[in-house]
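Working notes, structure below.
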Amino acid sequence: LSEYTGIPLVLKSKEEEEEDRKKEALYQFNERVRVYFQKNFQTSAGEVAMKYLLERGLYEDEVRIFGIGYALPGFQNLAKDFIRSEAETKMAEALGLLKRQDQNRDPYDFFRNRIMFPVIDARGRTIAFSGRILGNSEEAKYINSPNSSIYDKSRSFYNLN
């Protein structure tokens, strides 16, 4: 087919294949985090968050369709309830879901007490998150995932999928 069409086949190097495998693991991890955030609506704090969304005019079906979730208050929810290994901790840090003040301290949840909007690429993969603070706070109203190997803010558009 390549010969027939005149389009040359480009073979990937082992390094490129390894990079693709790492990226695929990050996509899968982000998808699991998206589901985790959605399940948080089933907690007592999550019920308050869902009530907030309903009062703002959203319907539960819309919340489900758009994959909207909730990051629980506190600094160790994702780190303690979701992360299962050091490899997952590294992925969460690479994606900006966990932060560290320094290497000698435990990582903490970057998104806390926020309505979570997944950023999904045109291929349907969860590439990042945007979080809106629930209620009034001195913190920023919206915070976003930092750029990563799977997310470039300047090349992404919310709800493009």
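A compact table of results
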| item | result |
| --- | --- |
| Average accessible area per residue (Å²) across the chain - probe 1.4 Å, nucleic acids and ligands excluded | 65 |
| Efficiency of FRET between R32 and L9 - r from beta-carbon atoms, R0 41 angstrom, step 0.05 | 0.75 |
| Within the accessible area of region 1-77 (1.4 Å probe), percent carbon and sulfur | 56 |
| G74 long-range amide H proximity, modeled H, under 5 Å | N113 |
| Kirkwood Rh in Å, taken over the chain so that all alpha-carbon pairs contribute | 17.2 |
| For region 84-161 versus region 1-67, the gap between their alpha-carbon centres in whole angstrom | 12 |
| Over 21 Å [Cα-Cα, region 91-161], rounded percent | 31 |
| Backbone N under 14 Å from the K51 label point (7 Å along Cα→Cβ), restricted to region 106-147 | 135 |
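The values are calculated or read from the model by the stated rules, or taken from the named source; none is laboratory data. Keep in mind the model is a prediction, meaning the values are calculated, not measured. Note that we place each Cβ from the backbone using ideal geometry, even for glycine, and neighbour counts take in every protein chain shown. Side chains included, ligands, DNA and RNA excluded: accessible areas come from the protein's heavy atoms. Shrake-Rupley method; radii C 1.70, N 1.55, O 1.52, S 1.80 Å.
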